[in-house]
Each structure stands twice: as structure tokens, then as C-alpha cells.
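Peer 1: The structure that follows is given in the form of C-alpha cells.
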Amino acid sequence: MRYNFCMREARKDVNSATDFSSKNFLRSIQRLEPEALDALHDAFFPKLYRYALYSLGERLAGQEIASEVFLKLVGRLRQGIKMRNLPGWLFAAAAEQVQARILAALPGPPSEMSAELGKYGPLFRRSLHTLAPEQQHFLALRFSQEAALEEIAGWLGSQERELHSLQLQSLNMLLGALGGKPIIPSEEPMERALQVCLQNLGSGSRLDEISASYPKWSQELHALLEAAHFSQYPGGIDPRQKTQPLAGMEDLQEAQDRSKAEFLQAAQVRIARPQPGRTGKWLVISMVVVLLLAMCGAGMAALSANSVPGNALYGVQRGFEELRLALTRYPSARLEVELFYDQRRLDEVEELLEKGWTGAVVFGGVLEQNQGDRWQVGGVPVSVSPETEILGSIQPGYSVTVQGEITPERTVQAERLQMREIQMQGKIQSLSEANLVIDGVQVILTPETIWQGQAEAGSRVIVYLLLPENMPPQARLVEVLE
């Protein structure tokens, strides 16, 4: 029997030729230009829907998540946060929504899709949800989208060869979760062999023929390819029984049109929404501060808004930033403000480098390269010397803080480097082995997470967060307050 491993689009994207990573397109998105937003929504709403459907198996939940991601995007763009990897951010935002629903055990009301999947859908999803969030995210990207591994690497900000290991690891964990016997990890050539087998499987070759082409790992590859079969979109449809590459995509156009209308309207109309948590004394303080700013500080705030280090009003700008941060109490809003200021610091350094300015700077960004004495943080070249103080373990793919000086050679000579950390305080809404949700913010837990005190749903905690790229924040330390 031959299997069709590839998905098919419900309809061909009319904007398939658009380069969504080009500087011109990103600039148009930052300016909230309707034509660019329209093209983005047409291209990615079906992709985000398929992504959510893959993990949750519910049409309505998939439609809601895809719509929520675009509305969240408008909020970030209005705050001036720049998008460097727009597709990667969209999928990461969808992953955050999916994980929140999994943790809350609210996949949505039953649909025809659930009955259509029979016993295979629930079994697949139960197995998938036992995997680490990173593995779930990769499998959903790998098998819900008609995308090459190279494209997925771009979304994740990784090299294609780095995903070979993640692909084998994820399928191996899924194989065990489905009741199979996980294989014993092997050397790197097996990772490449698995990728070749998946490519051959997509062209319609027989499974036994493919696995037999690598006698050394024939049994192992056969088991992994079976798991891959079970993973094919939309998740849980056993291809040996029924292949439905378009299942779940029927009647999507109405939901997509409705979402686009809301998305474009939100981009064009400013909607003032109260932030939860700003009550009592904080409401009084906020009103007093607003009154003072209106009387004497608003003009100064406007004048200092675009200042950079070295300008006379730069200290004023930082003062207003600290004030805004102090008045932002709700965890999700505070996290957004922190990330917005991180991006502002990075933009300032890039501007100073372009102008040839020299002097002391402090900024944060994702560590993209740390080989030898030449590092790269958020696109900024950073020089590291034996005198550079490196605090703790610094990991590529995470945001780090750089303290140093811009040199005449237009690089930053680092004096100190450490992992960027954000402090969040709030109440735990849900808690599992791999995640916790604090007042609406999903936080990843790892075996390295340090706990101080016993926590449960309802506990108030202070969490010290690390910031992995295109993923929810990760807890380094959780301190239980009550």
C-alpha cells in the first residue's frame, strides 16, 4: 500500500509570492498598512488554523486561536514592537494559545471533526500533549503545514541541520507515548537518514522500501515512520484506514473573512481597554500621575520620546519608562511593557552604531552567535575579551543583557554579559509538570527550574523568567509567597 504523506492546501494562497520576511513588507506591517495586513491574514490564517487544529482537533478552537493571534499582533504593533521574524512570532503566539487551552483542558465544544476522527484523534492528542511544549510545537509545524524543513528552521530561528535531532527526538517521544517502544538514540547519520526517509515518504514511496534502504537502522526507522504516519495532518487520522488531507478545512472561508474584518478594524481603530489589576490605590496613583503629567510633564515626555544615549533628555525618557513600568501591575501587561523597552534599547544601539557614536550602552537581545570572541546579540556585533565578565551560563537562542561600550569599529565591546531575566508576580491559575499559568501568562517549567516553597493553583508567587526566542517565557526560579 502506498501513502500520501503530504498535505494539500484547502485553497492556494493568493499572496504566495509575497516575501513576508522582507524589510519592505515588515515596514508596511509596522505601519499597519491595510494592504500588507490583508495579505498577511490571507496567507497565515489557514496556516494558524491548521496548526491549532492539529493539536486540539476542534474546528472552533482552531478558528478562535487563529483570530486571537492576529488581534494580539495588532496590540504589539501599536506598542511599536518590531517584528524580525513575523511567521515565527505568529506560530509561537498560536503555540502559546494552544498550550493554555491544553492546560485548562478546554479544547472547545465537540464538533463533527471529533466524530470523524473516531478513536485515532483522541489517542493522538492525548499522546501529543504528554510531550514537551517544544516537541509539540515542532511536530505541529512539521506535520500541519505544507512546508520544507528549511522553512520551519527559519520560523524557529534555527539551522536546518539542528532540526534533524529535534525531529528524531520528537517522533521518538511520540512513538513511546503512542504505546510503541522508543528507539535507542543513535549517532547523527541516523538523524539525516530519517529526514531522507520522510522526504521519500512524501513522494509516495512504500514504507517498507524506504526503511529497507538503511539496513543498519531498518527497524528503528520503520517505527519512527509509523509514528510520522500517525502524525500526519490533521492529527490522529490513521492513513491506513482513511486519508483525508483536507479534513477540517471545509467551510473555513466564512470564519476567515470574519477574522480578517475584525483584524483590519482593530488595526485602524484605537480601542482603549482597562488593564485588570489597576484598582484601589494604584488607580488613585495613576490618576494623580496623569494629572501631573498633564500639568507639567506631558511636553517633556513627548520631547524625550525619541532620545538616545548621549542626548540631554535621555534620562527623562528613562524616568518616564520606569514610571510607566511601576504603574503596570497586571503580569501580562507588565511583560509586554518590559519586552517593548527591550526592543527600544536594541533599536537605540543600532541607531548609534549607524551614526558612529561611541560610549557606554546597556541593552538586551537574543544571543544568535557566541563563537570565539565575536558574538551577535539581536543583530548587534559584540566583542568578547578575557576581561569580559560572563555571569552564569549563557545559552544561544535566549535573550541576554549586554553592558559595554560602542567602539569606533562599530561594535560593542562587552564588559558584562548575563542571561536577561524578568521578574513577574501573580497568582497561579493552573500548574502542571511542564507549565504554569500566572494571571493569563503561560510559563514553561524545566527540570532546571528552582522551586522555593510548595505551590498549587491559587498560590501567589514571584517568578524569575528567562526569555527564549519565539517561545513562552521560561521559569528559572519560582518563589512561593503564600
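Peer 1: Only one of (1) outside any loop (DSSP other than H, G, I, E, B); (2) farther than 26 Å from LEU156 by Cα; (3) not β-branched (Val, Ile, Thr) fails for GLN343. Which number is that?
Peer 2: Of (1) outside any loop (DSSP other than H, G, I, E, B); (2) farther than 26 Å from LEU156 by Cα; (3) not β-branched (Val, Ile, Thr), only one is false for GLN343: (2).
Peer 1: Taking segment 26-58 only, how many residues are surrounded by fewer than 23 Cβ atoms within 10 Å (Cβ to Cβ), among the charged types (D, E, K, R) and not in a helix (DSSP H, G or I)?
Peer 2: Residues meeting the conditions: 2.
Peer 1: Moving to a separate point now. Being modelled with pLDDT under 85 and surrounded by fewer than 16 Cβ atoms within 10 Å (Cβ to Cβ), is that true of even one residue in segment 397-405?
Peer 2: no
Peer 1: Go through (1) touching a residue at least 40 places away in the same chain (Cβ under 8 Å); (2) of a type in the set (Val, Ile, Thr); (3) under 19 Å from ASN470 (Cβ atoms); (4) not in a strand (DSSP E or B) for VAL366 and report which single condition fails.
Peer 2: (4)
Peer 1: Could you count how many residues in segment 59-92 are under 21 Å from ARG258 (Cβ atoms), surrounded by fewer than 21 Cβ atoms within 10 Å (Cβ to Cβ) and of a type in the set (A, V, I, L, M, F, W, C)?
Peer 2: 4
Peer 1: Mind checking which strands (runs of 3 or more DSSP E) fall wholly inside segment 374-460 and carry at least 2 residues that are farther than 24 Å from GLN343 by Cβ?
Peer 2: Ranges flagged: 421-431, 435-438, 450-452.
Peer 1: Could I ask something else about it? Contact list please: Cβ distance under 9 Å, first residue in segment 408-421 and among the acidic types (Asp, Glu), second residue surrounded by 15 or more Cβ atoms within 10 Å (Cβ to Cβ) and in a loop (DSSP other than H, G, I, E, B), pairs at least six apart or on different chains.
Peer 2: Listed pairs, sorted by first residue: GLU415/THR388; GLU421/LEU467.
Peer 1: Ok, one more. For GLU368, are the conditions met, namely being of a type in the set (D, E, K, R), closer than 22 Å to ARG476 by Cβ and in contact with a Pro (Cβ under 9 Å, 6 or more places away or on another chain)?
Peer 2: yes
The values are calculated or read from the model by the stated rules, or taken from the named source; none is laboratory data. Source: prediction; values computed, not measured. Reconstructed Cβ throughout: ideal geometry from the backbone, glycine too, with neighbour counts over all protein chains shown.
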